[in-house]
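Working notes for the structure below.
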Amino acid sequence: MSNSLDPAALDAALENVHRAGMPGVFAEVRDGDQVWRGACGVADVATGRPVTADMRHRVGSITKTFTAAAVLQQAEAGRIGLDTPIGRYLPGLVPGERGRAITVRMLINHTSGLAEYLPYAYPSLKAFPALAETRPESLDDHRFTRFEHSELIEMGVAAPAVGTPGGAPGVYSNTNYLLLTRLLEEVTGTTADRYITRNVIERAGLTDTGFPAGPHIEGPHSHLYEAWFGMIDPPRDYSVFDMSWVGPAASLISTVADLNRFFRLLLAGEIVGPSSLEQMRGTVPVITQDGKKGDYGLGLYPMEEPGRARFWGHGGTVWGAGALAMIRADGRRQMAVAVNLQRWNRLDPSGRPAPHPLDDALAALHRVAMYG
C-alpha cells in the first residue's frame, strides 16, 4: 500500500507550522521513489535568512538509535550480551546489587530504574520535570561547560532510583545511554563517537551526519531558539552550545535527508541483522521525559493512528532544536522533520504545559507526511 506524495498538501502543512509560531521548519518525505523536500520560515529571526531543507541540525535523542545500533552490532559479534548485567562490564560505574540486576537490554529500553542525571548537572533544572519550579539560568551558565561523562553517570546512579531493574513502566533517562557509550568504549577499545561514526554513520553513507567537535555546528544551519516554557522571552539562540552534557546519547548533527537514509537502511537490515532489528522493535511501556506513557524498543519507538499503518523511528530535542524521523514498517513511506524552536508551551496555573497552536500544526504535518 502506498499513498503518493501530495506536494501541495505538504507545503500547506509546513506553512501552517510556521504560521502557528515556529520560526523555521524543514522536512523530507519519501514514498517509494518519490521524494519531497520543503522548508518554511527563517533560520535567523534578526536577519530573516530563510531555512532550507538541506540544513544541518542538532537532532537530539535520535542519536540514541545510532548508539543502540552500535551496541547491537557488538552483540552480534559476541562481545556484548544484551541480557548480561552491566556490572560485569562496568563494575566501577554501576557497583553492587544494581550492577548485578541491570542488564544491557534494560539500559537500551530504559527499564534500568536509573534516574536522569540532567537535573543534577543543571542545578536550576533541579525540579525537572516539575516545570513550574525550574528556571533557565543553567542554560547560559553551562553554554561552554565541558562535562565528563563519568561524572554525569555518577550523578544518575547516585540519584534516587526511579524504578526497579526490569520493572514496568520504565522511565526514559539519558543516564542509560551514557552508560551504553562507556560500554562501547570498554569492548571496542575506541571512543563511542569514533566507533559509531565508523560503523554506523559511514556504513550508512551519511555524508552530512556527525558528532560535533566543539560547541559550533559546522556547515549551513539555523539558529536554535529556546523559549523554556515562556521563561525566555523572546526565545534565545542556543545553536552554539557544548554538547558534552549529552555526548553520544543526544549530540548528533544531521540533515533530514541523512536521517531518512539511515532509518531506511536500518529497517532494511543493512546496519544490524534481521534478528537484531526484530529485538529493536520489541517494546515495553516507558514514561517519557514529559511524563507521558509510550512504548519503547531498543533505540526505536512506534507511532501509529488507529486503523492505520505503524511507523518506527525516534524523536529528539536539545536546547532550541527538535527533530522527528519515522519510517513505515514496510519501509516505503518516510518522513524527517526539523524545527528551530523548543518548549514553546507556556505553563498553566498547575505548572503543566498549556496547549499551543504549534502542537496541532505539527501533529497535522506529521499526519500528512506519514499518511498522505
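Bear in mind these aren't lab numbers, they're just calculated from the coordinates by the rules spelled out. Bear in mind the structure is a predicted one, so any value in this text is a computation, not a measurement. All Cβ positions, even for glycine, are placed from backbone atoms using ideal geometry, and neighbour counts span all protein chains on display.
What to note about this one:
- Stokes-Einstein diffusion coefficient of the stretch 244-311, Kirkwood radius over Cα pairs, 20 °C, 1.002 mPa s, in µm²/s: 153 µm²/s
- Taking Lys and Arg as +1 and Asp and Glu as -1, the other residues whose beta-carbon sits under 12 Å from that of residue 247 total -2.
- Within a Gaussian network of the chain (alpha carbon springs, distance under 10 Å), most fluctuating of 166, 313, 113: 166
- Trypsin sites (Lys or Arg not before Pro) restricted to the stretch 225-308 and DSSP loop, no more than 13 other C-beta within 10 Å: 292, 308
- Near residue 236, once Lys and Arg are set to +1 and Asp and Glu to -1 for all other residues with Cβ below 12 Å from its Cβ, the sum equals -3.
- Computed over the chain, the P(r) tail beyond 35 angstrom holds 19 percent of alpha carbon pairs.
- Remark: the stretch 274-371 projects, on average over all directions, an area of 7.3 nm² (convex hull of Cα atoms).
- Residue (of 86, 26, 147) at the positive-pole extreme of the chain, dipole from beta-carbon charges: 86
- Proximal charge balance of residue 158 [Cβ under 13 Å; K/R count +1, D/E count -1]: -2
- Inter-part distance, the stretch 227-257 to the stretch 258-316, computed on C-alpha centroids, equals 23 Å.
- Unit Cα scatterers, Debye sum, the stretch 135-207: log10 I(q)/I(0) for q = 0.23, 0.27 Å⁻¹: -1.08, -1.16
- A run of the chain free of exposed loop cleavage sites, with GluC sites (Glu not before Pro) counted only in DSSP states other than H, G, I, E and B and at most 14 other beta carbons within 10 Å, reaches its longest extent at 1-147.
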